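First up is the structure itself, then whatever we jot down about it.
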Amino acid sequence: DTAVSQTPKYLVTQMGNDKSIKCEQNLGHDTMYWYKQDSKKFLKIMFSYNNKELIINETVPNRFSPKSPDKAHLNLHINSLELGDSAVYFCASSPRLAGATDTQYFGPGTRLTVL
Amino acid sequence: AQSVTQPDIHITVSEGASLELRCNYSYGATPYLFWYVQSPGQGLQLLLKYFSGDTLVQGIKGFEAEFKRSQSSFNLRKPSVHWSDAAEYFCAVGAGNTDKLIFGTGTRLQVFP
């Protein structure tokens with residue numbers, strides 16, 4: 001009965017590779033997010049989607065491409081991985097398009113290590 | 001632009017002691033304020049939130065926070081800390097006119113027996 005799930009939990013890969021992280025929520029929420037948490041624990045939003053529509057697209061390299069096949073899923077694809085992409089990536093969801101005012105529910109995170 | 005400052009990077013307390021984690025925000029209007037907790041290897045979980053009304057808000061796990069507009073603060077408190085409270089605590093502010101939640105840099109809480 002996991003609310004927000006992410007796969008994989010750990011991802012170790014070489015520079016230059018392409019990888020994807022998957023996220024699913026079973027809460028019936030309309031809005032989903034991707035956050036990046038760096039080595040100093042700083043958490044910053046990358047993207048948000050509402051009912052499969054891109055809403056927030058922060059200053060993120062275009063090597064990062066989110067895809068939302070339906071409102072319960074938001075995947076993150078990363079091309080040409082770089083060392084600086086190493087971080088923990090969190091998926092989150094909220095009931096509606098009001099991420100600044102609604103409670104957000106977070107997944108367990110995916111720790112990406114680029115060698 | 002809104003921002004959040006958590007002045008304490010790391011706090012250590014003894015089990016049973018009281019706790020206060022500081023949070024200062026910057027925002028022109030009335031902010032939406034949140035405290036989240038991240039246990040080791042876990043995602044973030046909401047402890048409590050403030051939107052309006054009573055400035056002392058109660059949350060889960062015995063935590064409370066007080067909104068003080070004059071000090072632009074939203075400090076988190078707990079009267080008696082348990083060893084299981086050891087975690088990273090994040091204060092966050094949301095602006096009603098955006099969809100973004102802005103997080104502070106977090107405070108790591110260590111609890112000694």
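The values are calculated or read from the model by the stated rules, or taken from the named source; none is laboratory data. Predicted model, so just to flag it, every value in this text is computed and none were measured. Don't worry about glycine lacking a Cβ; one is built from the backbone with ideal geometry, like all the others, and counts go over all protein chains shown.
Computed values, structure above
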| read-out | value |
| --- | --- |
| Long-range neighbours under 7 Å by Cβ, at least six apart or interchain, first residue buried (at least 17 other Cβ atoms within 10 Å of the Cβ) within the stretch A:73-102, second among the aliphatic types (A, V, I, L, M) and not in a strand (DSSP E or B) | A:81/A:15; A:93/A:27; A:100/B:95 |
| Residue satisfying condition, being exposed (fewer than 15 other Cβ atoms within 10 Å of the Cβ), in a loop (DSSP other than H, G, I, E, B), more than 15 Å from the chain's Cα centre (by Cα) and at negative phi, within set B:30, B:12 | B:30 |
| Residue B:77 surrounded by fewer than 21 Cβ atoms within 10 Å (Cβ to Cβ), at pLDDT 95 or above and either within 11 Å of chain A (Cβ to nearest Cβ) or in a loop (DSSP other than H, G, I, E, B) (or both) | no |
| Tally of residues being in a strand (DSSP E or B) and either modelled with pLDDT under 90 or of a type in the set (Val, Ile, Thr) (or both) across the stretch A:81-108 | 1 |
| Residues satisfying the stated conditions in the stretch B:15-27, i.e. at pLDDT below 95 and part of a strand (DSSP E or B) | B:25, B:26 |
| Condition broken by residue B:41, with the remaining ones in (1) over 15 Å from residue A:43 (Cβ atoms); (2) not in a loop (DSSP other than H, G, I, E, B) satisfied | (2) |
| Looking only at the stretch A:27-43, and only at residues there that are part of a strand (DSSP E or B) and under 10 Å from residue A:89 (Cα atoms), the one that is nearest to the chain's Cα centre (by Cα) | A:34 |
| Residue match in the stretch A:44-64 (condition: touching a residue at least 12 places away in the same chain (Cβ under 8 Å), closer than 22 Å to residue B:39 by Cβ and in a strand (DSSP E or B)) | yes |
| Subset of the stretch B:81-113 (residues that are under 19 Å from residue B:39 (Cβ atoms), more than 7 Å from every other protein chain (Cβ to nearest Cβ) and not aliphatic (A, V, I, L, M)) | B:82, B:83, B:84, B:85, B:89, B:91, B:104, B:107, B:108, B:110, B:112, B:113 |
| Scope the stretch B:36-66; condition closer than 22 Å to residue A:34 by Cβ, modelled with pLDDT of 95 or more and more than 10 Å from chain A (Cβ to nearest Cβ); matching residues | B:37 |
